[in-house]
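Here is the structure we will look at.
The values are calculated or read from the model by the stated rules, or taken from the named source; none is laboratory data. The shown structure was predicted, so the numbers you read here are calculated from the model rather than taken from an experiment. Here Cβ is always computed from backbone atoms with ideal geometry, including for glycine, and neighbour counts include all displayed protein chains. What goes into the accessible areas is simple: the full protein's heavy atoms, side chains included, and nothing from ligands, DNA or RNA. Shrake-Rupley method; radii C 1.70, N 1.55, O 1.52, S 1.80 Å.
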Amino acid sequence: MEEMGASPESGTACREGTNKEDGGRAEMGSPLGAWPSYNPHNFSQLVRADPSAQPSVVITTEARNILLRHFYRKSEEKLRPKRAAPDNLAPENNNKQPRGPVGDVGGQSSTSS
Amino acid sequence: MARFFRSGNLASRVFDRQLLSPRRGAAVNTIRQFYENLVPSYTIYDIDCPDYSFRKFTDDGKYLVAFSRNHQDLIVYRPIWLTYSCNEDCDSHDLPAKTKKFDSFFKQLYSIPLASSNEYICKDFFLYMECNQFGLFATSTAQRNDSTATDGAIHGVPSIEKITFYLVRLEDGVILDEKAFCNDFINLSHSIGAYLYEDLLCIVSLRYQTVHILQIRDSGNLVEVRRIGAFCREDDELFLHSHAQTGYGGSFLPGIKQRLLSYIFRKTWNEVPDQTLRVQHLKKKFYFHFQDYVDLIIWKVQFLDRHHLFIKFGSVDGGVSRSTDQNLAFFAVYNMETTDIVSLYENSSEELYSLFEQFYDHFHANPQDSSHGKFISSHSNDVHALDQLRTIKNKASSSSQFVKKMMVSLPYTCQSQSPSPYFDLSLFRYDEKLISAIDRHRHCTEHPIKFISVRQPNVVKFKIKPGSDSGASDSRAKRISSLFHPFFPLALSIQQTYMQPTVVNIHFRR
């Protein structure tokens with residue numbers, strides 16, 4: 001049995017079943033590699049971050065400063081063509097359907113459809 | 001908040017510095033706290049100095065720029081420090097006689113003539129390019145108000161026969177390049193008509209409604225790289241001439257105006273999704289005001305970064321004066337590369353105000369700013385200033401009038417604020433009506449201007465007393481301006497009284 005690592009603690013932890021843990025850890029493909037622990041299944045949930053798999057979590061430096069980014073974002077919101085509201089809803093109703101046969105404002109739309 | 005409980009004693013702070021490293025990104029803020037201990041508390045009144053018009057310390061603290069009284073010569077000084085020696089204990093002695101001399105504090109490097117016979121240096125205009133130590137100055141001939149409209153010039157804007165910009169290497173006074181504008185009008189007061197960002201300079205010709213973008217090369221050459229106004233892209237003019245139909249009587253609106261109108265059209269078009277209501281909406285919001293939009297002129301421009309300009313548009317009568325009236329005005333963000341207007345706001349826009357409140361520092365951020373230049377206090381980086389602003393906003397009777405009043409400070413005026421740590425609102429409180437980081441002449445007050453510690457609200461750290469009273473003279477006729485060195489505890493206060501010689505006082509740490 002070989003002593004692992006510099007600290008006496010990890011050495012102690014490894015003394016029982018070192019070989020088993022080594023093999024277990026390597027198989028798990030844990031980013032912590034062959035570091036010793038009591039249980040080979042500890043840290044097995046850790047997945048090495050793969051930037052290509054999750055592009056949204058990659059941190060990049062934005063060329064534009066925050067003020068310009070705000071100008072662009074607000075402008076894009078204004079210039080995006082608004083979706084025309086469906087026929088049976090008037091914007092003032094807050095997307096609520098009129099209950100009765102004729103709603104106050106909804107009456108206008110319902111007569112046209 | 002922890003610093004409120006630490007000792008303010010200088011020795012104690014020096015020991016703390018050995019043990020504690022500042023929080024990340026706050027090294028300059030931490031070091032600036034030493035300025036609470038090192039203040040320009042000693043004043044020499046009416047120092048014996050040449051009768052020059054002292055303009056400004058450069059932001060790197062290396063030079064003091066001055067102009068001769070006849071506005072023809074440029075004089076540059078290097079700030080030095082008073083040195084003297086005593087045989088005995090110095091503190092008990094008065095300062096030596098040479099303290100009263102300007103030469104003990106400033107060494108004259110050179111004096112060069114800038115303006116020729118009928119021209120005058122505009123003493124309000126000065127921009128400094130720190131990396132190369134280049135200074136930009138302007139001279140002009142007299143203003144003519146009865147200007148005849150020439151081709152391309154708009155009505156209502158006066159004309160100046162010749163305005164010349166000089167690029168001077170401040171190290172030795174060599175004039176590296178010059179650029180002249182003839183029969184034009186550029187707002188030179190307080191450098192409003194120009195803006196320097198890194199090595200790019202924009203100059204706004206109000207008369208011809210053109211924004212000239214120049215690059216300052218390391219060699220000292222001023223090279224025009226772009227001209228925005230009648231045309232937006234470099235090849236617009238060529239394109240129009242080659243495609244112009246003969247016999248076509250009308251003329252095109254200037255390129256920048258076309259961009260503005262098309263933006264307003266698209267925005268108005270998108271406001272109403274319903275096809276049938278859209279045309280009505282356009283008539284009301286766009287076509288009804290079409291002529292008002294066409295009549296808008298460029299007032300002031302600044303860079304937001306190397307590719308974007310922030311342009312203020314307004315009516316002709318408001319453009320020339322420096323009045324702070326609150327007529328209708330628009331702010332546009334213009335991308336020079338794509339020639340698109342990115343966004344447009346009215347000067348009463350709450351949305352623009354909220355960006356102003358949160359990101360005011362980004363309006364004047366310049367990657368080439370010296371470290372103190374990056375830490376100029378504003379309501380966006382100081383809680384006390386923000387609190388004050390919000391209090392004023394809440395007390396304002398009309399929200400839109402308040403917003404318009406705040407928007408008067410945009411676009412930002414280049415290098416208009418002193419980076420001196422004594423104006424740092426997290427260190428000192430002072431009456432902003434009497435003195436502030438913005439260099440302006442103010443009316444003289446009889447009372448000294450107090451700088452009070454923020455940490456210890458009852459402690460006056462130092463005072464700037466405007467000057468010895470000259471007896472019976474009316475204090476209203478006195479104007480005072482102050483020049484603070486960017487990082488030394490050194491300041492000049494200059495008192496000007498009508499028909500009397502200028503008095504210069506020097507404030508420093510003894």
Residue selected from the range A:66-79 under the condition in contact with a helix residue (DSSP H, G or I) (Cβ under 7 Å, 6 or more places away or on another chain) and either more than 7 Å from chain B (Cβ to nearest Cβ) or open to solvent by 10 Å² or more (accessible area, probe 1.4 Å) (or both), by the criterion nearest to residue B:366 (Cα to Cα) | A:66
For residue B:381: the one exception among (1) touching an Asp or Glu at 6+ places or on another chain (Cβ under 7 Å); (2) closer than 30 Å to residue B:228 by Cα; (3) not acidic (Asp, Glu) | (2)
In the range B:290-303, is there at least one residue being over 30 Å from residue B:192 (Cα atoms) and exposed (fewer than 14 other Cβ atoms within 10 Å of the Cβ)?
-> no
Among residues of the range B:261-289, those that are open to solvent by 20 Å² or more (accessible area, probe 1.4 Å), part of a helix (DSSP H, G or I) and within 14 Å of chain A (Cβ to nearest Cβ), counted | 12
Qualifying residues in the range A:40-65 (those that are surrounded by fewer than 14 Cβ atoms within 10 Å (Cβ to Cβ) and in contact with a helix residue (DSSP H, G or I) (Cβ under 8 Å, 6 or more places away or on another chain)) - the one modelled with the highest pLDDT | A:62
Over the range B:391-418, the set of residues touching a residue at least 24 places away in the same chain (Cβ under 8 Å) and in a helix (DSSP H, G or I) is B:399, B:400, B:401, B:403, B:404, B:405, B:406, B:407
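Of all residues in the range B:435-457, which are open to solvent by 50 Å² or more (accessible area, probe 1.4 Å) and either under 20 Å from residue B:378 (Cβ atoms) or at pLDDT 85 or above (or both)?
Across the range B:435-457, the qualifying residues are B:438, B:440, B:450.
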When you look at residue B:344, is it among the aliphatic types (A, V, I, L, M), within 13 Å of chain A (Cβ to nearest Cβ) and open to solvent by 10 Å² or more (accessible area, probe 1.4 Å), yes or no?
-> yes
Condition check for residue B:334: within 14 Å of chain A (Cβ to nearest Cβ) and part of a strand (DSSP E or B) | yes
Hey, could you check the range B:249-260 for residues that are surrounded by fewer than 17 Cβ atoms within 10 Å (Cβ to Cβ) and either within 11 Å of chain A (Cβ to nearest Cβ) or among the hydrophobic types (A, V, I, L, M, F, W, C) (or both) and say which is nearest to residue B:229 (Cα to Cα)?
-> B:253
